[in-house]
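One structure below.
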Amino acid sequence: MPICRERLVRKHSPKHRGMDVRSPFSVGNGDFCFSADITGLQTFEQEYSQALPLCTLSSWGWHTEPMPQDLIGSSLRLKEYDTYGRKVGYPASAEGQEELFYWSRLNPHRFHLGRLGLVQIAENGKIGDIKKVEEVNQELDLWDGLLTSSFEIEHQDVQVETCCHPTLDAAAFSVRSSLIETQSLGVLLKFPYGSPAVPAADWESPDKHRTEIAAQQSDQVTLLRVMNSERYFVTIRYSEGVMVQRVGKHEFLFYQNHAGRMMELVCSFSCAPLRASLPSYEPVQRAAAAHWNSFWSHGGIIDLSESKDPRAHEIERRVILSQYLTAIQCSGSMLPQETGLTCNSWYGKAHLEMHFWHAAHFALWGRTHMLENSLWWYYSILDSARQRAQHQGYAGVRWPKMVGPDGQESPSPINPLLIWQQPHPIVYAELCYRARPSIALLQTYKDVVFNTAEFMASFAHYDAQMDRYVLGPPVIPAQENHQPEVTINPTFELAYWGFALSIAQKWRQRLGLKRNHQWDNVLEKLSKLPVNDGVYVAHENCPDTFERFNYDHPSMLAPLGLLPGSAGVDEDIMSNTLKKVLKEWEWEHTWGWDYPMAAMTAARLGQQSLAIDILLMDTPKNAYSSNGHVWQRPDLPIYLPANGGLLLAIGMMAAGWDGSGVHHAPGFPCNKDWVVKYEDILPWF
């Protein structure tokens, strides 16, 4: 019997019966996201700001604070590292250039496009904040993409519907209440100045930006926002009888001027004026429902409802919510930040090594186009990535780590020295090919694949004394608590280097080209994975096993689990490594994707029950809120790599992996307590 997808999805539609400042609901389309409180708008901004700020963010909404006059024309000095007898510079030190260093880290940054919230209107027209709401009943209908919120203000019922247009960066709202009829309740649209901080908004600098009325009609107004060199437009269409009144330098009040209990608004944000009329609320709501009905009806799905293990329901809940969250936060045209389009983390900038955890799962779950949306972005920075490699004395392209939309490397003592993001684009392209094999696809992505491989082969240094190729120094591994000057042959990166170079060679052969001789040399003589005391360790020069380096990412597990073990992984050694990690790791000092990564290792080792235990390990870094998000720390209130990692692990555990045989759901326990049904999920490598 096919899975009843609608029933499955609706079962996990999250609900609130009161204010939960750590778990607001969001609507979005991958390039735009509006996060709402219990009113369905952003009414209680102050209450949420210290936990999980209520923001309106987009892929294109970036702001750059003007460079201080004394810095204009200056450039960062690079810190030089000895690289086998030559000096290679990286933007890795602030010493003597602190102001320029930190200005470059903070700019550009994403910014809050504008806040919409309910306000009370007194008889004299004075606007006041809503102090509290009661009798809250809120539900995010995942199947239709509709957030419905009902509550009472001063014992009067209020109903709000909130949704997002699937292709326009527009949020739509329907507000119904007798308070609207008496002109006691309105919606206030307010604009901040940009900020790199977590809330992405500076509400205390009204003189640093401008808001102008660019055009106005009977049912629509367009506002021009000017913020230093940034310009964007906000168009609001409103229902019959609604009036708009400017009530502040950056504030606009919408209220019902005629007898009526209803007010509808559609608020669009764009970097250029709209070229077509903005639809009213009902067409937006229908378009959102059609989009989400199609999303859930196609692509991967998993049903664990017949399982007897009581934990199955929680895994199913996390999977459904993670599919929704990564669709609205991680499927856009620009690589997402680690908090997606909910709030700022690291000033809104994308981390290319995290792109894997944000988006690789889309290909497994039958939604390859959502991965390709951002895979295209690598072409936009291809030239700058080539210049970076050339400047450092390497061939091909060296992908940055932490970037804004222009792809320029953000300075950091750590970021420029990471390398595990380098193989990612090769793997993304291969995932697309596995889902949709064709010569046309090979031609489309070959430049990214081949240029990436060229860098990887040239970065590997030939150690003539030992007749082998080594990685680093300098290099910082995925477990970032190691010094770049002494780190050599990080375990995960070694395995990943060989895996991705092998894929690149396959691409050459598929296109009728000869294998690249230098790539084969590196593959043949790449160093063995480092082992100490019978377990895999972080890197070859790691001074101890896990005594001092037992926190952050246990990336030594990745060569067998995330990767297929093609780097000569010994399963007994990896089994010992997993056992030691689980026993000795400081799990309170980990990250959300570490759990699915470790679970994938357990699954490949045939320890399926352990894989489930790891996925549901009870730690603060692995707790999924009612909205599906995973908290990490106060300045990182959500962490989408955890959601993407969960989907990758569950997809692999359900559909299997290359060489897993014909067993159904080989990563799940094979007993009567687990009944795994899935559709349209592809195997992992």
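The values are calculated or read from the model by the stated rules, or taken from the named source; none is laboratory data. Model, not experiment: these values are computed from the prediction. Neighbour counts run over all protein chains shown; Cβ positions are idealised from the backbone, glycine included.
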Given the criteria surrounded by fewer than 20 Cβ atoms within 10 Å (Cβ to Cβ) and either of a type outside the set (G, A, S) or outside any loop (DSSP other than H, G, I, E, B) (or both), does H358 qualify? no
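Give D552, D544, D572 a once-over and let me know the one that is over 30 Å from T444 (Cβ atoms), in a loop (DSSP other than H, G, I, E, B) and out of contact with any strand residue (DSSP E or B) (no Cβ under 9 Å at 6 or more places or on another chain). Explain how you work it out, then say what you get.
Numbers: D544 fails: out of contact with any strand residue (DSSP E or B) (no Cβ under 9 Å at 6 or more places or on another chain); D572 fails: in a loop (DSSP other than H, G, I, E, B).
It is D552.
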State whether the residues of the range 26-41 include one that is farther than 20 Å from T339 by Cα, modelled with pLDDT under 95 and not small (G, A, S). no
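Return the residues of the range 393-418 that are outside any loop (DSSP other than H, G, I, E, B) and within 22 Å of R86 (Cα to Cα); say none if nothing qualifies.
As a first pass, look at the range 393-418 and keep what is outside any loop (DSSP other than H, G, I, E, B): 402-403, 415-418.
Answer for the range 393-418, where residues must be outside any loop (DSSP other than H, G, I, E, B) and within 22 Å of R86 (Cα to Cα): N415, P416, L417, L418.
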Where residues in the range 35-70 are more than 27 Å from Y324 (Cβ to Cβ) and surrounded by 14 or more Cβ atoms within 10 Å (Cβ to Cβ), which of them is farthest from the chain's Cα centre (by Cα)? M67
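Is the range 237-246 home to any residue that is over 28 Å from E181 (Cβ atoms) and either surrounded by fewer than 20 Cβ atoms within 10 Å (Cβ to Cβ) or not small (G, A, S) (or both)?
So in the range 237-246, the residues over 28 Å from E181 (Cβ atoms) come out as none.
For the range 237-246, residues over 28 Å from E181 (Cβ atoms) and either surrounded by fewer than 20 Cβ atoms within 10 Å (Cβ to Cβ) or not small (G, A, S) (or both): absent.
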Matching residues, the range 505-540, being among the small types (G, A, S) and closer than 26 Å to E571 by Cα: S527, G534, A538
How many of the residues making up the range 629-650 are over 16 Å from the mean Cα position of the chain (by Cα) and surrounded by 24 or more Cβ atoms within 10 Å (Cβ to Cβ)? 2
Would you mind telling me which numbered condition in (1) at pLDDT 95 or above; (2) farther than 19 Å from I127 by Cβ L185 fails? (2)
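One line per residue, one yes/no per condition, for (1) without any contact (Cβ under 8 Å) to a residue 24 or more places away in the chain; (2) under 17 Å from the mean Cα position of the chain (by Cα); (3) buried (at least 20 other Cβ atoms within 10 Å of the Cβ):
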site: Q337; (1), (2), (3): no, yes, yes
site: L341; (1), (2), (3): no, yes, yes
site: M370; (1), (2), (3): no, yes, yes
site: S374; (1), (2), (3): no, yes, yes
site: G393; (1), (2), (3): no, no, no
site: V397; (1), (2), (3): no, no, yes
site: L442; (1), (2), (3): no, no, no
Scanning the range 651-668 residue by residue, the ones that are over 30 Å from the mean Cα position of the chain (by Cα) and either buried (at least 16 other Cβ atoms within 10 Å of the Cβ) or more than 19 Å from Q607 (Cβ to Cβ) (or both) total 1
Output for the range 267-283, where each listed residue is assigned to a helix (DSSP H, G or I) and within 26 Å of E212 (Cα to Cα): Y281
Mind checking which residues of the range 596-628 are out of contact with any Phe, Trp or Tyr (no Cβ under 8 Å at 6 or more places or on another chain), of a type outside the set (A, V, I, L, M) and either at positive phi or crowded, with 23+ Cβ neighbours inside 10 Å (or both)? P596, T601, G606
Check K208 against each of (1) under 28 Å from A350 (Cα atoms); (2) surrounded by 18 or more Cβ atoms within 10 Å (Cβ to Cβ); (3) touching a residue at least 12 places away in the same chain (Cβ under 8 Å) and name the one condition it does not meet. (2)
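Does E139 fit the bill of being touching a Lys or Arg at 6+ places or on another chain (Cβ under 7 Å), in a strand (DSSP E or B), surrounded by fewer than 21 Cβ atoms within 10 Å (Cβ to Cβ) and touching a residue at least 40 places away in the same chain (Cβ under 8 Å)? Walk me through it before giving the result.
Numbers: touching a Lys or Arg at 6+ places or on another chain (Cβ under 7 Å): yes; in a strand (DSSP E or B): yes; surrounded by fewer than 21 Cβ atoms within 10 Å (Cβ to Cβ): yes; touching a residue at least 40 places away in the same chain (Cβ under 8 Å): yes.
Considered against the rule, which asks whether it is touching a Lys or Arg at 6+ places or on another chain (Cβ under 7 Å), in a strand (DSSP E or B), surrounded by fewer than 21 Cβ atoms within 10 Å (Cβ to Cβ) and touching a residue at least 40 places away in the same chain (Cβ under 8 Å), E139 comes out as yes.
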